[in-house]
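Okay, so here's the structure we're looking at.
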Amino acid sequence: NAMPFEHWQDSDNLVARLNLPNMQCSDAQKIEVYARAINGLLALEPDWDKRAKYVEFIDIYAGLTDNELRRFQQQYPEANDTMAGFFQRARNEAMQQGLEQGLEQGREQGREQGIEQGRVEGQRAVLERLLQHRFGHLSPEIMARLTQASRSELEAWADNVLDAGTLDDVFDLG
């Protein structure tokens with residue numbers, strides 16, 4: 001025998017209020033039971049994250065049809081408005097959290113790209129200095145080639161500087 005929901009409908013026990021839809025009630029009382037469970041949740045649980053989790057339990061336990069849900073919205077507009085506000089707040093919080101995570105990932109990615117770019121620029125500057133020291137003035141074409149080079153190209157050319165007899169050998173070896 002299931003417990004009659006009326007025994008628990010005004011309980012200060014959150015678990016009892018969440019379980020109202022599991023308790024004995026007639027089909028005609030189903031919407032009222034759902035409303036009392038929702039109102040209990042809103043009254044007894046201040047934490048928005050827990051409310052989001054618990055409202056799913058109530059929905060599953062109640063198993064309202066689309067028609068019953070529409071009747072709930074009509075018969076209990078204040079609870080429906082509160083739930084709509086609750087869901088809007090939950091959506092806003094989720095969006096804000098997603099935005100913050102995205103910004104942090106973007107900042108981290110930007111830092112990593114900046115570090116990598118700094119390494120490439122450093123390699124380019126050292127290679128340019130080595131080439132100038134070993135071979136003298138560098139032509140605009142060589143400077144353009146250095147500017148457009150990838151990190152791996154710069155590394156290979158830096159290795160070639162030690163063994164190259166001419167400036168062309170630096171770029172052709174390897």
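The values are calculated or read from the model by the stated rules, or taken from the named source; none is laboratory data. The structure displayed is predicted, hence computed values, not measured ones. Reconstructed Cβ throughout: ideal geometry from the backbone, glycine too, with neighbour counts over all protein chains shown. For the accessible areas, the whole protein counts, side chains as well, though only heavy atoms, and no ligand, DNA or RNA atoms are used. Shrake-Rupley method; radii C 1.70, N 1.55, O 1.52, S 1.80 Å.
How much length is gained if the chain between residue 150 and residue 10 is pulled fully straight, taking 0.36 nm per residue apart and subtracting their Cα-Cα distance, in nm to one decimal?
On the way: separation 140, 0.36 × 140 = 50.40 nm, distance 7.08 nm.
Length difference between fully extended and current span is 43.3 nm.
Accessible surface for region 110-174, divided over its residues, is 68 Å² per residue with a 1.4 Å probe.
Ranked by the mean number of other Cβ atoms within 10 Å of their residues, highest first, the peptides 30-40, 48-58 fall in the order 30-40, 48-58.
Give, in nm to one decimal, the length gained when the segment between residue 158 and residue 97 is fully stretched (0.36 nm per residue of separation minus the Cα-Cα distance).
On the way: separation 61, 0.36 × 61 = 21.96 nm, distance 4.55 nm.
Contour length minus the Cα-Cα distance gives 17.4 nm.
For region 1-72, the relative contact order is 33 percent, taking Cα pairs closer than 8 Å that sit 6 or more residues apart in sequence and dividing their mean separation by the residue count.
Within the listed set 103, 130, 42, the Gaussian network model of the chain (springs between alpha-carbon atoms below 10 Å) gives the highest mean-square fluctuation for 130. Computed from label points 7 Å out along Cα-Cβ, the spacing between residue 65 and residue 28 is 1.7 nm. I'd like the orientation of helix 151-161 relative to the chain: the angle between its Cα long axis and the longest Cα principal axis, in ° from 0 to 90, rounded to 10. On a 0 to 90 degree scale, this one is about 20.
Test of understanding: what is the full-extension gain from residue 116 to residue 73, defined as 0.36 nm times their sequence separation minus their Cα-Cα distance?
Working: separation 43, 0.36 × 43 = 15.48 nm, distance 5.62 nm.
Length gained between residue 116 and residue 73: 9.9 nm.
What does the C-alpha gyration tensor say about the overall shape of region 1-159? Classify as rounded when a/c is under 1.5, otherwise prolate if a/b is larger than b/c, or oblate. Taking the square roots of the gyration eigenvalues as a ≥ b ≥ c, region 1-159 is prolate.
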